[in-house]
Amino acid sequence: MSRVWNFSAGPAALPEEVLRQAAEEMLDWHGAGMGVMEMSHRGKEFVSIAEAAEADLRELLAVPANYRVLFMQGGAIAENAIIPLNLMGGKGTADYVLTGSWSVKSHKEAGRYGRVHVAASAEASGYTTVPALESWQLSADPAYLFTCTNETIGGVEYPFEPDLARIGRAGVPVVADMSSHILSRVIDVAKYGLIFGGAQKNIGPAGLTIVIVREDLLGRAMPHCPSAFDYKTVAEAGSMYNTPPTYAIYVAGLVFQWLRRQGGVAAIEARNVAKARLLYDYLDGSGFYENRVDPACRSRMNVPFFLRDESLNDAFLAGAKEAGLVQLKGHKSVGGMRASIYNAMPIEGVAALVDYMKAFAARHG
Ligand SMILES: *Cc1c(COP(=O)(O)O)cnc(C)c1O
């Protein structure tokens, strides 16, 4: 068996330790005589797995007691509808900050359920930056303000937390799509009304969506919101109103334990800073490659880059594959290359990429 360095944006690489543990427990989990996939979601074994996963996540992110953690399905794209269906009803208007493909998509979907207002947009920059908080223009009384704090496709990450108290609007709940950087850096959950993300970038297998929601935002769903998507119904049923994605929750729980063994979020953040610096420093110093994102807003998780001579793209990708470096092709809407370097990517993988890039540049420069 030989494993490659996998730079996929998602579904993405998982820690090898976690995969080994899941393999070991595949046929018989802790003497239960069956694997996790075969267990009733209401049995005591699986309930203990789900409770431990939630407790570990709460500890890792220091989630305050007045927030509920929900394990849902449908991914972040389904949440683009589920959020307005749950939160937009009373006020009828929601504000959006547009910083790239994902927030633009979220804004478009929300428009199907109520009025949407663009509080700030980075469109003029080609979505290569995050508009300064002081420039945001909120509407009079929005149900919430939506942000995507790491734009996976453009490689743009908020360099600040969207703390609306700083602009005198503390009463407006902030919603954040953190799909591609949740657990990669320390955050203050109390600054948000709702945090959500698909698991397949930085947490575990596809099929699981994590929602962390402040309790006072439960119970506001529009009458036609599907019951399985009503946060209050899901919270009251302990995420078991319908059958949850049990195996994905189990693997996510193993990843949370792995993260705790790494020293928690602050420790992994320090490693993520070092990994990102290694790659961006090389990109900036080479005349051969470039990253076009505002340096203050560059993502630590998703690093898009271009070869200045784009006619070499295919040769670059073919050589990378030969060197055991895969999934480096950029998103089709951006072009070029993209290296996603989530928590599970060790610095050795980033160093291997930089070494390959140097050798390729020397050969073709
Ligand atoms: C991947 C991603 C999505 C889409 O997630 P799905 O699970 O495919 O619905 C949405 N937002 C962000 C920021 C993402 O990275």
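The values are calculated or read from the model by the stated rules, or taken from the named source; none is laboratory data. These numbers were taken from a predicted model, which means no experiment stands behind them. With ideal geometry, Cβ positions are generated from the backbone for all residues, glycine too; neighbour counts draw on all protein chains shown. Note: accessible area is taken over every heavy atom of the protein model, side chains too, but ligands, DNA and RNA are not part of it. Shrake-Rupley method; radii C 1.70, N 1.55, O 1.52, S 1.80 Å.
One table, with the values for the structure above:
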read-out: Criterion violated by Met301 - all others in (1) of a type outside the set (S, T, N, Q); (2) open to solvent by 30 Å² or more (accessible area, probe 1.4 Å); (3) within 30 Å of Asp355 (Cβ to Cβ) satisfied; value: (2)
read-out: Cβ pairs under 9 Å, 6+ apart, first in the stretch 60-76 and under 20 Å from Pro245 (Cβ atoms), second among the acidic types (Asp, Glu); value: Arg68/Glu215; Val69/Glu54; Phe71/Glu54; Met72/Glu79; Ala76/Asp177
read-out: Selection from the stretch 17-55 of residues that are in a helix (DSSP H, G or I), more than 25 Å from the chain's Cα centre (by Cα) and of a type in the set (D, E, K, R); value: Glu24, Glu38, Lys44, Glu45
read-out: Residues of the stretch 88-113 satisfying the condition of being open to solvent by less than 10 Å² (accessible area, probe 1.4 Å) and at negative phi; value: Met88, Ala94, Asp95, Tyr96, Val97, Thr99, Ser103, Ser106, Ala110
read-out: Odd one out for Lys232, checked against (1) in contact with a Leu (Cβ under 7 Å, 6 or more places away or on another chain); (2) more than 16 Å from the ligand (Cβ to nearest atom); (3) under 30 Å from Pro131 (Cβ atoms); value: (3)
read-out: Options Val255, Val234; residue that is out of contact with any Phe, Trp or Tyr (no Cβ under 9 Å at 6 or more places or on another chain) and open to solvent by less than 10 Å² (accessible area, probe 1.4 Å); value: Val255
read-out: Test set (1) within 16 Å of the ligand (Cβ to nearest atom); (2) open to solvent by less than 30 Å² (accessible area, probe 1.4 Å); (3) in a loop (DSSP other than H, G, I, E, B) - Ile83 fails condition number; value: (3)
read-out: Residues of the stretch 272-308 satisfying the condition of being part of a helix (DSSP H, G or I) and within 19 Å of the chain's Cα centre (by Cα); value: Asn272, Val273, Lys275, Ala276, Cys297
read-out: Qualifying residue in the stretch 177-194 (condition: over 12 Å from the mean Cα position of the chain (by Cα), within 22 Å of Ser101 (Cα to Cα) and open to solvent by less than 40 Å² (accessible area, probe 1.4 Å)); value: yes
read-out: Residues being surrounded by fewer than 20 Cβ atoms within 10 Å (Cβ to Cβ) and outside any loop (DSSP other than H, G, I, E, B) - total across the stretch 152-163; value: 0
